Amino acid sequence: MLQKIKKIISKKNKKKIICLTAYSKNFATEIDKHADIILVGDSLGSVLYNYNTTRKVTLKNMIEHSKSVRMGIKKSLMVVDMPYKTFLNKKEALRNSIKVIKETKCDAVKLEGGSKIKKIIRHLVRNNVPVMGHIGVLPQSVKGKFKHKGKTEKEKKQLLNDAKLLQNLGVFSIVLECVESGTAKMITKLIKIPTIGIGSSKYCDGQVLVTDDLLGLNETNIRFVKKFVNLKKIINQGIKKFKKEVISKKYPSKKYSY
Ligand code: KIV
């Protein structure tokens with residue numbers, strides 16, 4: 001197992017794991033200074049391309065953005081999402097995962113799903129592909145509004161079974177997306193690998209957010225998104241200053257000219 005992955009697992013019950021998304025080099029460079037895991041999420045479909053579903057994201061999209069992200073990472077574990085329909089069967093899943101790892105030099109891939117994709121995850125792990133799991137709300141499978149999971153006894157049981165199954169199959173951590181607090185707490189307590197929550201309470205071993213959301217670049221009213229800074233405001237200030245100085249001919253002065 002990769003040293004970096006061992007380090008992530010060893011944080012369980014000791015230190016919170018910080019995971020953030022990045023889709024390009026400049027963002028990755030800054031995030032890398034603070035995060036344990038950088039995820040090239042297929043959320044890039046909605047954030048960068050305005051898609052109404054992550055289903056439109058292609059393997060090519062993921063590979064191109066991941067190559068850029070790779071250039072910005074020095075220390076974090078780099079995980080790349082396998083997009084919709086790229087892991088339909090064992091053979092395709094392995095071929096596509098290896099392609100992603102070879103071309104982007106990422107450390108691991110993330111696949112959405114629990115028991116339904118158990119054969120695929122087992123096949124990847126057996127072939128030395130490090131896998132991060134993802135259960136709860138699965139954006140690649142949802143049509144319409146996201147509803148949080150783990151409210152009913154049936155859902156709770158299903159999620160716990162899926163988490164245990166993924167652990168037994170050898171994934172090194174599991175993203176819990178929009179899982180009810182009590183259920184997320186129980187899963188986190190009952191499995192040995194770290195849970196990374198998004199909208200799944202403080203009880204998870206780590207937290208992930210879409211970086212554009214926490215920086216206030218994305219207009220969203222999703223309940224779990226907290227805007228930690230208003231980067232739009234800062235961007236506007238910079239652009240306005242540039243415009244003003246161009247109009248007043250202050251910029252470019254001699255210092256900035258040849
Ligand atoms: O696509 C993504 O960015 C994700 C995270 C939000 C977990 O899957």
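The values are calculated or read from the model by the stated rules, or taken from the named source; none is laboratory data. This structure is a prediction, so every number in the text was calculated from the model and none was measured. Ideal geometry is used to build each Cβ from the backbone, glycine not excepted, and the neighbour counts take in all protein chains shown.
Within region 108-145, being part of a loop (DSSP other than H, G, I, E, B), away from the ligand (no atom under 16 Å from the Cβ) and within 25 Å of Ala184 (Cβ to Cβ) holds for Pro130, Lys143, Gly144, Lys145. Contact map, region 162-179: residues that are in the same structural domain as Gly150 (by TED's automatic domain parsing) and closer than 15 Å to Val131 by Cα paired with residues that are among the polar types (S, T, N, Q) and within 15 Å of the ligand (Cβ to nearest atom), Cβ distance under 8 Å, separation 6+ or inter-chain. Pairs shown: Ala163/Thr195; Ser173/Thr195; Ile174/Thr195; Val175/Thr195; Leu176/Thr195; Leu176/Ser200.
Checking each residue in region 171-190 for being more than 11 Å from the ligand (Cβ to nearest atom) and not β-branched (Val, Ile, Thr) picks out Phe172, Ser173, Glu180, Ser181, Gly182, Ala184, Lys185, Met186, Lys189, Leu190. Selection of first residues in region 197-224 that are assigned by TED's automatic domain parsing to the domain that holds Ser181 and over 18 Å from Leu39 (Cα atoms) and of second residues that are within 11 Å of the ligand (Cβ to nearest atom) and assigned to a helix (DSSP H, G or I), restricted to Cβ pairs under 8 Å at least 6 apart or on distinct chains, gives the following pairs, ordered by first then second residue: Thr220/Asp213; Ile222/Asp213. Taking the numbered list (1) closer than 22 Å to Leu217 by Cβ; (2) in contact (Cβ under 8 Å) with a residue 24 or more places away in the chain in turn, Tyr51 passes all entries but (2). When the strands (runs of 3 or more DSSP E) confined to region 1-98 are screened for residues that are among the acidic types (Asp, Glu), those reaching at least 1 such residues are found at 77-81. The residues in region 98-130 that are among the small types (Gly, Ala, Ser), farther than 19 Å from Val179 by Cβ and free of Cβ contacts under 8 Å to residues at least 40 places away in the same chain can be counted, and the count is 0.
Residue pairs whose Cβ atoms lie under 6 Å apart, sitting 6 or more positions apart in sequence or on different chains, and linking a residue in region 7-25 that is hydroxyl-bearing (Ser, Thr, Tyr) to a partner that is assigned to a strand (DSSP E or B), are Thr21/Leu39.
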